[in-house]
Amino acid sequence: MSCCADPRAQIGAEAAGLPAETAAHVERSGGRFSRTLHVPEIRCAACIGAIESAISRATPDVKCRVNFTRRTLTLSWRVQDADPARAIATLRDLGYAPQPLPTTRAA
């Protein structure tokens, strides 16, 4: 577990598949899919390294990129060869609690 992650952020039953709030915001570009999640517990470079390394090891077909400034994690994958739910479960195993990105409405 990272120095900043909350150990209480454990894997929930929804981690077996993409949770509804996660699946609803998957974007498609060509043959790739992506989902950006808000991870407010990201506090330092050690967090970034731990997250990117663990997800890369656990799900080599899911690419991940942490944005420290925005406190987000973007997962990208091809449907036929990846398991993004496993990447989210790995993130939770590390003690992070990913959330849907806050959305703003245009007036």
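The values are calculated or read from the model by the stated rules, or taken from the named source; none is laboratory data. Quick caveat: nothing in here was measured; it's all calculated off a predicted structure. Cβ coordinates were reconstructed from backbone atoms using ideal geometry, including for glycine residues, and neighbour counts include every protein chain displayed. These accessible areas exclude ligands, DNA and RNA; they are computed on the full protein's heavy atoms, side chains included. Shrake-Rupley method; radii C 1.70, N 1.55, O 1.52, S 1.80 Å.
Between a first residue in the range 64-76 that is on the phi > 0 side of the Ramachandran plot and a second residue that is of a type in the set (A, V, I, L, M), which pairs have beta carbons less than 7 Å apart while being 6 or more apart in sequence or on different chains?
Listed by first residue and then by second, the contacts come to Arg71/Val39; Arg71/Ile42.
Does Ser29 qualify as being surrounded by fewer than 17 Cβ atoms within 10 Å (Cβ to Cβ), over 9 Å from the mean Cα position of the chain (by Cα) and at pLDDT 95 or above?
On the way: surrounded by fewer than 17 Cβ atoms within 10 Å (Cβ to Cβ): yes; over 9 Å from the mean Cα position of the chain (by Cα): yes; at pLDDT 95 or above: no.
Spelling it out, it is not the case that Ser29 is surrounded by fewer than 17 Cβ atoms within 10 Å (Cβ to Cβ), over 9 Å from the mean Cα position of the chain (by Cα) and at pLDDT 95 or above.
Looking at (1) crowded, with 17+ Cβ neighbours inside 10 Å; (2) more than 13 Å from the chain's Cα centre (by Cα); (3) of a type in the set (Ser, Thr, Tyr), which is the one condition that is false for Tyr96?
Going through (1) crowded, with 17+ Cβ neighbours inside 10 Å; (2) more than 13 Å from the chain's Cα centre (by Cα); (3) of a type in the set (Ser, Thr, Tyr) one by one, Tyr96 breaks only (2).
Every residue in the range 55-84 that is open to solvent by less than 10 Å² (accessible area, probe 1.4 Å) and hydrophobic (A, V, I, L, M, F, W, C), please.
Result: Ile55, Val62, Leu73, Leu75.
Please enumerate the residues belonging to the range 43-69 that are assigned to a loop (DSSP other than H, G, I, E, B) and farther than 15 Å from Ile88 by Cβ. Please lay out each step first, then the result.
Going residue by residue through the range 43-69, those that are assigned to a loop (DSSP other than H, G, I, E, B) are 43-44, 59-62, 68-69.
Listed by number, the residues that qualify are Arg43, Cys44, Pro60, Phe68, Thr69.
What residue, of Ala50, Ala82, Ala58, is modelled with pLDDT under 90 and small (Gly, Ala, Ser)? Before you say what the answer is, go through the steps one by one.
Numbers: Ala50 fails: modelled with pLDDT under 90; Ala58 fails: modelled with pLDDT under 90.
Answer to the check: Ala82.
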